[in-house]
Amino acid sequence: LSSSSAASDVYKRQWHDSSLGIWLDPSRMALNGDDLHALEPRFASAFTAMDALEAGAIANRDEERQVGHYWLRDPERAPSPDLQQLIRREIDGLETFAREVREGQRTAPTGTPFTDVLWIGIGGSGLGPLLMVRALQREGQGLPFHFFDNVDPQGMSATLASLGPRLRTTLVVVVSKSGGTPEPRIGMQQGRARVEAMGGRWQEQAVAITMQGSQLDQLASAEGWLARFDMPDWVGGRTSITSAVGLLPAALIGADLRGFLEGAAAMDRLTREHALRSNPAALLAASWFVAGGGQGRRDMVVLPYRDRLEVFSRYLQQLVMESLGKKWDRNGKEVHQGLAVYGNKGSTDQHAYVQQLRDGLDNFFVVFIEALDEPTDMSSISGDHPADFLAGFLQGTRAALCEGGRQSLTITLERFDERSLGALIALFERAVGLYGELINVNAYHQPGVEAGKKAAAEILSLQASLEQCLSSGHSHDLADLQKVLQLESPEPLFWILRHLCFNGRGYQATGNWGEPHTLRFQKI
């Protein structure tokens with residue numbers, strides 16, 4: 001990993017594309033010419049699989065779905081003329097809608113311009129929009145955004161309280177592909193109740209982003225919501241940022257959404273090349289593969305040295321871990337694959353966990369991300385320029401890690417804007433797809449997520465049965481309730497009852513909470 005050995009290896013040169021203004025430097029990863037040569041047959045198969053994916057092959061076998069997020073930024077690649085036209089029409093429509101909202105041509109029910117946006121979405125339907133807003137919104141540009149990306153009642157309460165009377169002039173966007181996901185449904189219920197309590201008119205303020213014919217689509221159509229935009233069944237949440245999920249917030253803040261799409265499409269073109277050494281996504285995937293022994297034995301630490309990319313590590317966390325974290329491979333073999341992702345931002349990381357990265361467990365590699373452009377309103381004061389220190393901290397951390405034998409790769413952007421953000425996202429999307437092929441897992445389904453949803457539904461069903469048992473007002477202990485509800489263990493009852501008793505939900509307990517067998521519960 002020394003600088004001299006990296007420089008002497010002809011295969012460890014930087015990849016660069018002048019049209020996008022992007023460099024990828026894997027020279028400080030444990031990747032050499034022999035590794036690349038050994039991986040070439042695997043990548044030949046991976047490239048072919050990616051070609052088939054883009055041509056419309058069924059990729060998500062669990063749901064018999066195509067995976068077509070690449071078509072969203074290059075409609076000509078969609079497998080049918082009708083689909084191509086649908087994608088173009090959707091982009092034109094949301095761009096026009098957002099411009100009319102920003103310019104006050106579409107107004108709130110009060111007859112005045114919309115003042116805010118409340119965005120209700122979970123997972124990629126929340127993280128993608130959050131990244132777009134945090135990365136691209138400039139001061140005084142577009143509408144301010146507020147997010148329901150969880151079902152934390154305190155978080156929702158604080159968000160609604162901060163809006164207050166402005167809820168009457170708030171555009172509310174509800175994102176749910178199926179329309180049945182609990183988190184956005186509950187967020188919609190709470191948001192709607194407060195909007196209407198404030199005197200707003202929901203139907204004239206609400207926008208749906210959902211799959212055609214879904215529960216949410218039917219509701220929005222029946223009630224005549226302000227607008228509806230499509231989230232096709234062939235787009236997964238974690239790759240939905242180039243759909244209406246990411247484009248509508250970009251348009252509402254006045255960002256260059258066409259530039260964003262153009263950057264993603266340009267990177268897609270570069271990463272279609274069937275040549276490992278000159279394909280940046282392939283180099284990225286190969287670096288991950290070799291670093292972790294093909295089994296994700298090293299975590300990926302993402303350190304963007306730009307405040308606007310602070311959310312990017314969280315965005316990649318979902319994209320990478322939901323795509324690659326799988327128990328079974330495509331042949332039904334138990335493999336427990338994955339690639340853990342975490343991150344902060346530079347130079348905040350200088351004062352946080354770089355200490356462990358430098359001196360602690362060698363179980364990671366770092367992805368540094370930097371942008372070379374500087375704002376014109378910042379200058380040197382007493383000889384100190386912030387940009388010089390930021391660049392120095394990155395280079396210093398990179399050098400210190402290398403001296404300690406720790407691996408890193410660096411992505412450099414000539415400038416950070418909508419186009420480069422689109423390219424950066426597309427680069428990682430393609431790397432994830434290729435890596436999934438290398439380790440033979442389906443990167444486009446999420447059985448673990450579905451298992452979690454099913455388990456949560458079972459707990460809620462158990463809570464309803466438990467409340468029915470306690471409805472008589474009689475006192476019961478855990479053993480009684482376990483027997484009545486025919487459970488193997490009383491533990492889930494303890495968790496549910498503790499939640500109910502400590503939140504003013506009409507239940508009380510007597511006994512010692514530290515000794516659950518002494519507790520008795522009743523409805524009051």
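The values are calculated or read from the model by the stated rules, or taken from the named source; none is laboratory data. As the structure is a computational prediction, the values presented were derived from the model and not from experiment. Cβ sites come from the backbone with ideal geometry, for glycine too, and all protein chains shown count toward neighbours. Side chains are part of the model used for accessible areas, which takes the heavy atoms of the whole protein and leaves out ligands, DNA and RNA. Shrake-Rupley method; radii C 1.70, N 1.55, O 1.52, S 1.80 Å.
A few points about this structure:
- The angle between the Cα long axis of helix 124-136 and the longest principal axis of the Cα atoms of the chain comes to about 50 degrees, rounded to the nearest 10.
- Dipole moment magnitude, nearest 20 debye, the range 450-524 about Cα centre, only Lys, Arg, Asp, Glu C-beta charged: 220
- Normalised by the number of residues in the chain, the mean separation of alpha-carbon contacts (under 8 Å, six or more apart) gives a relative contact order of 17 percent.
- The dipole here belongs to the range 325-395: it is taken about the Cα centre, uses +1 on the Cβ of Lys and Arg and -1 on the Cβ of Asp and Glu, and is about 700 debye.
- Accessible area ranking (1.4 Å probe, heavy atoms, ligands and nucleic acids excluded), largest first, for Thr412, Thr96: Thr96, Thr412.
- Working value for the range 159-252: equivalent-ellipsoid semi-axes of 23, 14, 12 Å, each the square root of 5 times a Cα gyration tensor eigenvalue, largest first.
- Rotationally averaged projected area of the range 222-274 (alpha carbon convex hull; nm²): 5.1
- Unsatisfied cross-links (Cα-Cα over 28 Å) in the set Lys333/Lys454; Lys327/Lys483; Lys345/Lys453; Lys345/Lys454; Lys327/Lys454: Lys327/Lys483; Lys345/Lys453; Lys345/Lys454
- Using Cβ point charges alone (K and R +1, D and E -1), the dipole size of the chain about the Cα centre works out to roughly 740 debye.
- Structure-based [θ]222 nm, the chain - -39500 (n - 2.57) summed over DSSP H runs of at least 4, per residue, nearest 500: -14500 deg cm²/dmol
- Length-normalised contact order of the range 189-303 in % [C-alpha pairs under 8 Å, at least 6 apart]: 13
- The residue list Gly392, Gln446, Leu485 was ranked by how far each Cα lies along the charge dipole of the range 351-485 toward its positive end, using unit charges on Cβ atoms, and Leu485 comes out on top.
- Taking trypsin sites (Lys or Arg not before Pro) across the range 100-161, the ones in a DSSP loop with at most 11 further Cβ atoms lying within 10 angstrom of their Cβ are Arg138.
- In Å, descending, principal axis extents of the Cα set of the chain: 79, 59, 59
- Distance from the range 178-254 to the range 369-432 (C-alpha centre basis), Å: 36
- Surface/4 of the Cα convex hull for the range 222-319, nm²: 9.3
- Taking the average, over residues, of other Cβ atoms within 10 Å as the packing measure, peptides 314-323, 418-427 rank 418-427, 314-323 from highest down.
- Along the axis of the charge dipole computed for the chain (Cβ charges of +1 for Lys and Arg, -1 for Asp and Glu, origin at the Cα centre), the listed residues Phe148, Gln105, Thr271 are led at the positive end by Phe148.
- Projecting the Cα atoms of Leu283, Gly123, Gly246 onto the dipole axis of the chain, where Lys and Arg carry +1 and Asp and Glu carry -1 at the beta carbon, places Gly123 farthest toward the positive end.
- Inter-part distance where the range 282-310 and the range 322-348 are each reduced to a Cα centre, Å: 11
- Folded to 0 to 90 degrees: helix 81-102 orientation relative to the chain principal axis, Cα: 70
- Sparsely packed loop sites in the range 81-124 (the GluC sites (Glu not before Pro) outside DSSP H, G, I, E and B with at most 13 other Cβ atoms within 10 Å) comprise Glu103.
- For the range 86-236: relative contact order, % (alpha-carbon pairs under 8 angstrom, 6 or more apart): 23
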